Amino acid sequence: MTRHRLTDAEYAEMAADYAANPLRSDEMVGPVVINPDHPDVAVLRTGRPAGGGTPQGRTPTTSVRLPVDIKTRLDAQAVAEDVKPAEIIRRALIEYLERHTA
């Protein structure tokens with residue numbers, strides 16, 4: 001499946017479809033937060049779930065210097081897959097570690 005960045009027209013089409021066909025409760029996945037001041041308004045949580053179900057604080061970071069040509073290829077691949085470069089780096093590292101056990 002090739003992913004591309006959505007256009008303004010595609011966003012407008014999705015918004016119109018959502019307005020005409022709002023989500024039903026049986027279609028919602030994940031936690032829904034109800035505002036006690038406005039019980040008719042539900043909010044779907046977005047973003048990644050906390051690992052293990054409970055927040056563990058900040059995720060550790062590691063900085064890596066890349067040659068310009070590798071960084072250029074990484075950025076192009078990220079655009080092609082519509083993901084952040086960090087996601088590609090994570091996938092590559094996981095794949096490497098799975099193939100090369102210590």
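The values are calculated or read from the model by the stated rules, or taken from the named source; none is laboratory data. Everything numeric in this text was worked out from a predicted model, so none of it was measured. Cβ coordinates were reconstructed from backbone atoms using ideal geometry, including for glycine residues, and neighbour counts include every protein chain displayed.
Below are the figures for this structure:
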quantity: Some residue of the range 67-77 being aliphatic (A, V, I, L, M) and part of a loop (DSSP other than H, G, I, E, B); calculated: no
quantity: Hits in the range 1-51 - residues which are modelled with pLDDT of 85 or more, over 25 Å from residue 80 (Cα atoms) and either surrounded by fewer than 10 Cβ atoms within 10 Å (Cβ to Cβ) or small (Gly, Ala, Ser) (or both); calculated: 16, 19, 20, 21
quantity: Some residue of the range 87-96 being at pLDDT 75 or above, out of contact with any Cys (no Cβ under 8 Å at 6 or more places or on another chain) and not in a helix (DSSP H, G or I); calculated: no
quantity: Residue within the range 58-69 that is modelled with pLDDT of 90 or more, surrounded by 10 or more Cβ atoms within 10 Å (Cβ to Cβ) and either small (Gly, Ala, Ser) or at negative phi (or both) present; calculated: yes
quantity: Residue that is surrounded by the fewest Cβ atoms within 10 Å (Cβ to Cβ) [pool: residues in the range 78-90 that are under 14 Å from residue 5 (Cβ atoms) and not acidic (Asp, Glu)]; calculated: 84
